[in-house]
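The values are calculated or read from the model by the stated rules, or taken from the named source; none is laboratory data. All figures in this text were calculated on a predicted structure; none of them were measured in a lab. Glycine also receives a Cβ, built like all others from the backbone with ideal geometry; neighbour counts cover every protein chain displayed. Surface accessibility is based on the protein's heavy atoms, side chains included, excluding ligands, DNA and RNA. Shrake-Rupley method; radii C 1.70, N 1.55, O 1.52, S 1.80 Å.
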Amino acid sequence: MAGQSQRLNVVPTVTMLAVVKNRLTGATRGHALLKKKSDALTVQFRQILKKIVSTKESMGTVMKSSAFALTEAKYVAGENIKHIVLENVQSASVRVRSRQENVAGVKLTKFEYFTEGEMTKNDLTGLARGGMQVQGCRVAYVKAIEVLVDLASLQTSFLTLDGAIKTTNRRVNALENVVKPRLENTVVYIKGELDELEREDFFRLKKVQGYKKREIDQKQKESAKKLNFINDVSPKKKSPNLLSGARKKDEDIIF
């Protein structure tokens, strides 16, 4: 029963053997392609992981400098600088858009930042006092937004690749440990059954030939016995002797 569970329940015929061989060929090709896909995704995964580590290390410095710049701006321009900035801002100047990148059949979401709108009105913020510190704070936070957008893009790609790698590895393991061994065992089973049928047919043909040969020999023996019996029963005819016939006197001869 353990051996039957490791193969398909099929009828051992030549047609089924060809079908199972084609399935085994497809499984082998699929296993090789999925293995290459898994390797490519793993390489990309490790590269993204290195970028995430370096980005997080730089993010600490950037966030620290931006928070320090905000403190300087508040100290110089006063606490009301927040309301002044909000009054001057009509729409966001830094925006984020997304795009998709295909890596070995897996679509990764990438985020990009871009600036739009005029900065002339915002440049006049803090003109009375603390204008330089306000602009420095703005530049620091724009840089912080850039780092955060890059980190969000990397982490999104990281999670997507992690799920894709797990799914691909499960498929590779299923093909390698379940599907291919089952198909190979099925091919071996069908070949063994076909060989057994061929041996049975050969043995059957040999038995039939031997039976026919014995019948022919028996008929030949019976016909030979009949012929010998007929020869023994029939009387033997003597061949005529010319000299003995010449010695007999012919009555028609006068002399």
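Observations on the structure shown:
- All conditions but one from (1) at pLDDT below 90; (2) assigned to a helix (DSSP H, G or I); (3) not polar (S, T, N, Q) apply to residue 34; the one that does not is (1).
- A single member of 149, 103 is at pLDDT 85 or above and surrounded by 12 or more Cβ atoms within 10 Å (Cβ to Cβ), and it is 149.
- Condition met for residue 195 (under 30 Å from residue 71 (Cα atoms) and either at pLDDT 85 or above or among the polar types (S, T, N, Q) (or both)): no
- Residue in the range 22-31 that is touching a Leu at 6+ places or on another chain (Cβ under 9 Å) and small (Gly, Ala, Ser) present: yes
- Scanning the range 11-31 for residues that are out of contact with any Phe, Trp or Tyr (no Cβ under 8 Å at 6 or more places or on another chain) and not in a helix (DSSP H, G or I) yields 11, 13.
- Within the range 4-56, the set of residues being touching an Asp or Glu at 6+ places or on another chain (Cβ under 7 Å) and of a type in the set (Val, Ile, Thr) comprises 55 only.
Residues checked against (1) in a strand (DSSP E or B); (2) open to solvent by 60 Å² or more (accessible area, probe 1.4 Å); (3) modelled with pLDDT of 85 or more:
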residue: 99; (1), (2), (3): yes, yes, yes
residue: 107; (1), (2), (3): yes, yes, yes
residue: 110; (1), (2), (3): yes, no, yes
residue: 118; (1), (2), (3): no, yes, no
residue: 125; (1), (2), (3): no, no, no
residue: 135; (1), (2), (3): no, no, no
residue: 139; (1), (2), (3): no, yes, no
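- Enumeration of residues in the range 26-41 that are open to solvent by less than 40 Å² (accessible area, probe 1.4 Å) and closer than 20 Å to residue 155 by Cα: 38, 41
- The range 154-182, residues that are free of Cβ contacts under 8 Å to residues at least 40 places away in the same chain and either within 30 Å of residue 23 (Cα to Cα) or charged (D, E, K, R) (or both): 163, 166, 167, 170, 173, 174, 177, 178
- Hey, residue 169 at pLDDT 85 or above, open to solvent by less than 100 Å² (accessible area, probe 1.4 Å) and touching a Gly at 6+ places or on another chain (Cβ under 9 Å) or not: no
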